[in-house]
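The values are calculated or read from the model by the stated rules, or taken from the named source; none is laboratory data. Treat the numbers as computed from the prediction; the structure is a model and nothing was measured. Ideal geometry is used to build each Cβ from the backbone, glycine not excepted, and the neighbour counts take in all protein chains shown.
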Ligand code: HEM
């Protein structure tokens, strides 16, 4: 149980299924950072450690830009579609379009900052409303964070009491968990058989159907209200793009692709950042001295009389270091997304034939003993020099690297800074009576095909 400013929050982290990560790191040590395993039908080459992961993702970016075939995703999206799983020309065009459209709707600009600050006020009000009763911060964080991407993509935010939206958020979490569970893995390995068998994988597909139906309904409404001279959001812009240019069918500006693209942004923009915020909450409760230093810096640099701004970052090296350490230690996408070799090549000493799937393990980089002074300790000092100035670290790859680096990195960084600062400016979070150390268990959801999805989920109740 935790207390926030005298309020109690119960905290029951779910079961801890260890440890694909440990397994892959240990095998990495044993086999010079590169080894292969058969995952179902296909052999996958695991790449571990900063040096080799960088070689695969950055130095050989062109050779490993595509993702391999996934039976789960091809059933959900029917082939080459969306932002995360698409390949080739479609992926290039859609990624470029998504980035520029998100910029048009505020990404990296003052308008986005104001939207996050406004959403934070709703979040603070919700926490205030608890008046000391136990409550579940996971759901609130999820809703608050999701509202930011929803404003850019759907053109609206959803109230914390909106039952339908809350249900959608639950479907997102549940689908992600199922995709990484044994059921998702069995479907990836034996789709032809699993298709006909009962099991939880069927819930995963029905959850995705419901999410798609939700998005489709919003798209239909947008179509009816569309004013091509005044696009309100990503969906409007996509519809206008579909109407205006005679596109190649391979570009993906069509009816079939709009829902997958919107859904990818909605899913990726919701779970990742809120899971990181949850970890931040746990770490700062566990290390009250870190929380105190963050609050001292917030009070000194921002104070109480004005809204925080992204430009404050430059004057808040300690807070910046804590947020980076939250991302490193939280390690929410430990396995990364799968890639496939575009041609015969080699990594390190190992020959990789064209068509081989590779998995550049981010966990092994974020905890690489050759790169971090105290990899297994939550230590904001990893990002500070002797004078207390913030320092960037090459092995900080929480958002991956190279051509398929997280498309939402800039947005996530902005959200994390502002939500974090606004929460910790107002509240002091601490463990409630009787709880000496909050537990730090987690669920690892391993899905090689769904890297942007959370791999550690808290259940507060
Ligand atoms: C703390 C927050 C986040 C983390 C740690 C994170 C991490 C990642 C990682 C590791 C990848 C895989 C990159 C690769 O395959 O090499 C990825 C991809 C992606 N992320 Fe994020 N992400 C976060 C937030 C977001 C947000 C807020 C959005 C919303 C716009 C987003 C959208 C995407 C998309 C669309 C991709 C697929 C990119 C592509 O394949 O071209 N992410 N993310």
Inset, instruction - Being closer than 18 Å to residue 426 by Cβ and either outside any helix (DSSP H, G or I) or free of Cβ contacts under 8 Å to residues at least 24 places away in the same chain (or both) is the filter here, so list the residues in segment 308-324 that pass it. - result: 308, 309, 316
Legend entry - Scope segment 344-390; condition closer than 27 Å to residue 264 by Cβ, in contact with a helix residue (DSSP H, G or I) (Cβ under 6 Å, 6 or more places away or on another chain) and part of a loop (DSSP other than H, G, I, E, B); matching residues: 361
Legend entry - Failed criterion for residue 64 (all others in (1) under 30 Å from residue 426 (Cβ atoms); (2) touching a residue at least 12 places away in the same chain (Cβ under 8 Å) hold): (1)
Inset, instruction - Report whether or not residue 17 is surrounded by 13 or more Cβ atoms within 10 Å (Cβ to Cβ) and at pLDDT 70 or above. - result: no
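From the list 342, 368, 331, pick out the single residue that is crowded, with 19+ Cβ neighbours inside 10 Å and under 20 Å from residue 36 (Cα atoms).
Every option except 368 fails the conditions.
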Legend entry - Residue among 363, 437 that is modelled with pLDDT under 95, farther than 24 Å from residue 149 by Cβ and away from the ligand (no atom under 16 Å from the Cβ): 437
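Quick grid of which residues meet (1) over 26 Å from the mean Cα position of the chain (by Cα); (2) over 19 Å from residue 82 (Cα atoms):
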{"position": "236", "(1), (2)": "no, no"}
{"position": "244", "(1), (2)": "yes, yes"}
{"position": "250", "(1), (2)": "yes, no"}
{"position": "255", "(1), (2)": "yes, no"}
{"position": "277", "(1), (2)": "no, yes"}
{"position": "296", "(1), (2)": "yes, yes"}
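With without any contact (Cβ under 8 Å) to a residue 12 or more places away in the chain and touching a helix residue (DSSP H, G or I) at 6+ places or on another chain (Cβ under 8 Å) as the only criterion, which of 97, 35 stands out? Break it down into steps so the answer makes sense when it comes.
Details: 97 fails: without any contact (Cβ under 8 Å) to a residue 12 or more places away in the chain.
When all the criteria are applied, what remains is 35.
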Legend entry - Filtered residues of segment 81-117 (kept if buried (at least 19 other Cβ atoms within 10 Å of the Cβ), part of a loop (DSSP other than H, G, I, E, B) and more than 11 Å from the ligand (Cβ to nearest atom)): 81, 105, 106
Legend entry - Complete set of residues in segment 223-262 that are surrounded by fewer than 22 Cβ atoms within 10 Å (Cβ to Cβ), in a helix (DSSP H, G or I) and free of Cβ contacts under 8 Å to residues at least 40 places away in the same chain: 223, 224, 225, 239, 240, 242, 243, 244, 249, 255
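Rundown of residues vs (1) in contact (Cβ under 8 Å) with a residue 40 or more places away in the chain; (2) closer than 19 Å to residue 325 by Cβ; (3) within 12 Å of the ligand (Cβ to nearest atom), yes/no style:
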{"residue": "384", "(1), (2), (3)": "yes, yes, no"}
{"residue": "402", "(1), (2), (3)": "yes, no, yes"}
{"residue": "408", "(1), (2), (3)": "yes, no, yes"}
{"residue": "414", "(1), (2), (3)": "yes, yes, yes"}
{"residue": "417", "(1), (2), (3)": "yes, yes, yes"}
{"residue": "426", "(1), (2), (3)": "yes, no, no"}
Inset, instruction - Kindly indicate whether residue 220 is exposed (fewer than 13 other Cβ atoms within 10 Å of the Cβ) and either in a helix (DSSP H, G or I) or under 23 Å from the mean Cα position of the chain (by Cα) (or both). - result: yes
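Mind checking which residues of segment 294-307 are assigned to a helix (DSSP H, G or I) and surrounded by fewer than 16 Cβ atoms within 10 Å (Cβ to Cβ)?
Taking segment 294-307 and keeping what is assigned to a helix (DSSP H, G or I), we get 294-301.
Within segment 294-307, 296, 299, 300 qualify.
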Inset, instruction - Hey, can you tell me all the residues within segment 263-289 that are surrounded by fewer than 22 Cβ atoms within 10 Å (Cβ to Cβ), away from the ligand (no atom under 16 Å from the Cβ) and assigned to a helix (DSSP H, G or I)? - result: 286, 288, 289
Inset, instruction - Give just the number: which of (1) within 16 Å of the ligand (Cβ to nearest atom); (2) free of Cβ contacts under 8 Å to residues at least 12 places away in the same chain does residue 148 not satisfy? - result: (2)
Inset, instruction - Please enumerate the residues belonging to segment 291-338 that are within 16 Å of the ligand (Cβ to nearest atom), over 20 Å from residue 385 (Cβ atoms) and at pLDDT 95 or above. - result: 310
